[in-house]
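A short worksheet on the structure shown next.
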Amino acid sequence: MLIDFFYALRAARLPVSVREYLTLLQALQSGLVGPANPDACSLDDFYYLARTTLVKDESLFDPFDRAFAAHFKGVQAVAGEGARAIPADWLRQELQRLLSDEQKANAPKLDWDELMRTLQQRLAEQTERHAGGSKWIGTGGTSPFGHGGHNPQGIRIGGPGGQRSAVKVWEQRLWRDYDDSAPLGPRHLKLALRRLRKFARQGSALELDLPDTIRATAANAGWLELRQVPERHNLVKVLLLLDVGGSMDEHVHQVEALFAAAKAEFKHLEIYYFHNCVYDFVWKHNQRRQRERTATLDLLHTYNRDYKLIFVGDATMSPYEILQPGGSVEYANAEAGAEWLQRLTRHYPRHAWINPQPLGLWPYQRSIELIQQLMGQRMYPLTLRGLEEAMRVLSK
Amino acid sequence: MKFSGSPHYVASPDLLLAVNAAITLQRPLLIKGEPGTGKTLLAEEVAAALGIPLLQWHIKSSTKAQQGLYEYDAVSRLRDSQLGDERVRDIGHYIVQGVLWQAFTAEQPLVLLIDEIDKADIEFPNDLLRELDRMEFHCYETRQTIRARHRPLVFITSNNEKELPDAFLRRCFFHYIQFPDPATLRRIVGVHFPGLKDELLTAALKAFLELRQLPGLKKKPSTSELLDWIRLLLAEDIPPQALHGKEQQLVVPPLAGALLKNEQDAGLLERLVFMNQRHR
């Protein structure tokens, strides 16, 4: 009944539902794959069918392959290894064993010797492959000779050559790269950022508002009165603070992609840079960062609480850079970086930190832990899933 | 009805099984894959192979689920009522039937293609759940329920730009068309260009696969781009020797604009070729 298989898949954290499982059983019952269909009778075909009905995303194909391999380990294809010459004695014994008494009574009334003669005769007469009948030797029928048929007492003669390949399809692990943590392209980033939507209608009225038109016309005793409404656009305001220089250099491509996606997506986007941690100053242009700076306090006063604050940085530094006054590597700051971060997070209730470092490395860096605490656990990796969670938190 | 491939479309056995499962159990089939691997073409080929008509619904980002069912042309009705037209009495005159309505009320079973469903709004697939499941919907204006006379065979393609909701995925079968391996690629090219000379085919495939393996490409060339490129090569009568350098090293192949579609990739290829040449 494949119930164990179903539970094995669920144990491997695949989101298979009962309905999909019943569909698989229905597919098997309809004879799509299995002994009733001689073209699709191998374990490979069952694997493909199970994959089509149970797994609905290619990022889940690899876990499915592994679960399938673990569950069906050691099950070989049932089909025969090729036709062999069948000794007559063996056939006789088989026939006697397989047919019970009343079945012998019900079966075509043939004597044993006659049965053997009939078989030999049929083998001689039959010059081509046959399927689905009740007389000839073939497949899928009710004749007592052949294979893949519905006569449970039939003698299996020959069979499709089993899959000769030593490695099964699901053991080849073709889908390993399609996981969720695949590298992000700009398009994926834009779509993740698109979750941060708050549509509003502002500006001049350009779109025809049909329901309002109908209402206004009805109220106007049937004379047509057109109503128009401004177009929608995304009203979200984002303040993006990017870490530059030093350890961020290796993540520069990813951050560039994120930057380009953000610029395209948000109309009200303000971008400032900092190094390692935010202190008294941030700057807009990296070449002129020594001369043209913006005080962080000015930032707090210019952009109100409606703005969503997003930090992008690897949070990798010595802990004293965060905790000590004077800890900045560039100048002597009067207040510790932690103070500044707290000031920012208190002012902007919707904030998040996006970290290009892989999630697995975070526990090994003390500074990442510190910043996570300061951010109220709102630090997310720069993967698709991380970005989506960050956006979900920001849009609350 | 069973689909066993078509002379113009090379389908892998798992794809054939998925299509036949969708036909037998009468469920929609969701197809994903890299762009250019033949997702839309599959529906056309299945319709041609089974000899049944094809209805297509190409989804845009502004498409609403209601547009697939029907649209009520209120403004025409208002205008006609003011002009005193007799057709105003029956609201049925102002219902414009959508693709799903046409598919459900068709005389014979047909193939319905919903192309690029992930382009639409994120709630779009959820709005079609009942229609895909029970193949029926209710028309509010005319107070009738439209039920499918014959369940159409529904193909849904997606470019994986958005995640599709779970409730929608439960109701479909799923298949991912992988980029073909070199042997299948050869067969595909053979199907489209039957008279192609073997050495041109080998040289083109080699150049194409090398190009695909370049590190750092923004958009890898796909099967449909390969076929376009070969068509251009044949039209311009380019010999197989021009596709490779003298000692079989990497060169910028002629008409590479058919394969590399943005300037960063073209620039990357030129730089790699230049660096390759400098090492000799």
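The numbers here are math on the coordinates, done by the rules we state, and not lab data. No experiment lies behind these values; they were computed from the predicted model shown. Here Cβ is always computed from backbone atoms with ideal geometry, including for glycine, and neighbour counts include all displayed protein chains.
Some notes on this structure:
- For the pair B:Glu199 and B:Asn126, a Förster radius of 45 Å applied to the C-beta separation gives a FRET efficiency near 0.30, rounded to the nearest 0.05.
- With the convex hull drawn around the C-alpha atoms of segment B:13-177, the volume per residue stands at 124 Å³.
- Calculated SAXS-style log₁₀ I(q)/I(0) at q = 0.07, 0.09, 0.17 Å⁻¹ - chain B, Debye, Cα scatterers: -0.37, -0.57, -1.28
- Pairs over the 24 Å Cα-Cα cut-off, from the set B:Lys60/B:Lys162; B:Lys39/B:Lys219; A:Lys73/B:Lys32; A:Lys237/B:Lys218; A:Lys237/B:Lys32: A:Lys73/B:Lys32; A:Lys237/B:Lys218; A:Lys237/B:Lys32.
- Remark: spin-label model distance B:Met1-A:Arg10 equals 3.5 nm, labels positioned 7 Å along the Cα→Cβ axis.
- Shape category assigned to segment B:1-59 from the gyration tensor of Cα positions, a/c cut at 1.5: rounded
- Amide H contacts of A:Thr294 (H built 1.01 Å from N, under 5 Å, at least 5 apart or other chain): A:Val282, A:Trp283, A:Lys284
- A:Gln29/A:Ile3 FRET efficiency (R0 22 Å; Cβ-Cβ; nearest 0.05): 0.90
- Under Karplus coefficients 6.51, -1.76 and 1.60, residue-wise ³J(HN,Hα) of segment B:135-141 in Hz, glycine/proline x: 6, 8, 7, 10, 9, 5, 5
- In sequence order, calculated HN-Hα J values of segment B:94-108 (Karplus, 6.51, -1.76, 1.60; Hz; x Gly/Pro): 10, 9, 9, 6, x, 5, 5, 4, 4, 5, 6, 9, 5, 6, 10
- Taking only alpha carbon atoms, segment A:229-300 gives an Rg to Rh ratio of 1.04, where Rh is the Kirkwood radius.
- Distribution of pairwise C-alpha distances over segment A:3-76, 10 Å bins, in %: 19, 54, 26, 1
- Taking amide H atoms as placed 1.01 Å from N in the peptide plane, the amide H of B:Leu55 lies under 5 Å from those of B:Val111, B:Leu112, B:Leu113, each 5 or more residues away in sequence or on another chain.
- Once the Cα gyration tensor of segment B:129-197 is diagonalised, semi-axes √(5λ) in Å: 39, 17, 10
- Global form of segment A:321-396, assessed from the alpha-carbon gyration tensor, a/c cut-off 1.5: oblate
- Integer Hz, Karplus 6.51/-1.76/1.60 couplings in order for segment B:184-193, x for Gly and Pro: 5, 4, 4, 5, 4, 5, x, 5, 7, 10
- When the P(r) of segment B:147-280 is calculated, the portion above 28 Å amounts to 33% of the C-alpha pairs.
- Rg and Dmax of segment A:235-394, Cα atoms only, in Å: 14.5, 39
- Estimated 222 nm signal from helices in chain B, with DSSP H stretches of n ≥ 4 weighted -39500 (n - 2.57), rounded to 500: -12000 deg cm²/dmol
- Computed over all pairs of different Cα atoms, the Kirkwood value for the hydrodynamic radius of segment B:73-123 is 13.9 Å.
- DSSP beta bridge pairing in chain B, given as percent antiparallel to the nearest 5: 30
- In degrees, nearest ten, helix B:223-236 long axis to first principal axis of chain B (Cα): 60
- A simple spin-label model places pseudo-atoms 7 Å from Cα toward Cβ; at B:Gln108 and B:Gln213 they are separated by 4.8 nm.
- Overall form of segment B:173-213 per C-alpha gyration tensor (a/c, 1.5; a/b vs b/c): oblate
- Using a Förster distance of 25 Å, the FRET efficiency for A:Ala219-B:Val75 (Cβ separation, nearest 0.05): 0.95
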